[in-house]
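Heads up, the thing below is written out as structure tokens.
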Amino acid sequence: MWRVLGLAIVALLFGYGLIRIGVGGLLLAQSLDLIQVTDLADAIAEVKRFTEARADKEFVSFSVSGYSVYIMVMGLLLAAGAAGVFCYKRWGFILLGLYLSMHAALFVNYQEINPKLITLALQIVMLIVLVYLRPPRSTVSVA
């Protein structure tokens, strides 16, 4: 039962990472005019409105392309970290910690409290549960 829960959490995090990579990549391609998709144009406009509305209080300013790359990097860290945890590797937890730090940094940067904060809190809980359910295994080498 606990093993299945650990695997389910890893799968959720891995899938969410892939979604972030895909969305970030599509937004980046759209913002660089490499593709032209109406729904993505609406998403780009929404990101632009979001960043422009907070321009006076943000610590680090992001262009739409920069924000898209940031989302992609978060996705890469999340997917790779989940893969590492699946393989019981310590670096998986480190990558997940970096992802969570980047996610939290967005809230700090924009000084924003919104419902996505619940997602961040749930992911922190999932990481804590994973440390218990799928702790990294030490590798023993024979010399």
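Overview of values
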{"read-out": "Portion, in percent, of the accessible area of the chain that falls on carbon or sulfur, probe 1.4 Å", "value": "70"}
{"read-out": "Dipole magnitude of the chain about its Cα centre (Cβ charges: Lys, Arg +1; Asp, Glu -1), debye to nearest 20", "value": "780"}
{"read-out": "Stokes-Einstein D in µm²/s, Kirkwood radius over Cα pairs - the chain at 10 °C with 1.306 mPa s viscosity", "value": "97"}
{"read-out": "Signed unit charges on C-beta, dipole axis of the chain, positive-most listed residue ALA11, THR38, MET72", "value": "ALA11"}
{"read-out": "Relative contact order (percent, whole number), the chain, Cα cutoff 8 Å, 6+ residue spacing", "value": "30"}
{"read-out": "Stretchable slack from ALA45 to SER63, in nm (0.36 nm times residue separation minus alpha-carbon distance)", "value": "5.3 nm"}
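The values are calculated or read from the model by the stated rules, or taken from the named source; none is laboratory data. On a predicted model such as this, the values are computed, not experimentally measured, just so you know. Neighbour counts run over all protein chains shown; Cβ positions are idealised from the backbone, glycine included. Areas reflect the complete protein model, heavy atoms only, side chains present, ligands, DNA and RNA absent. Shrake-Rupley method; radii C 1.70, N 1.55, O 1.52, S 1.80 Å.
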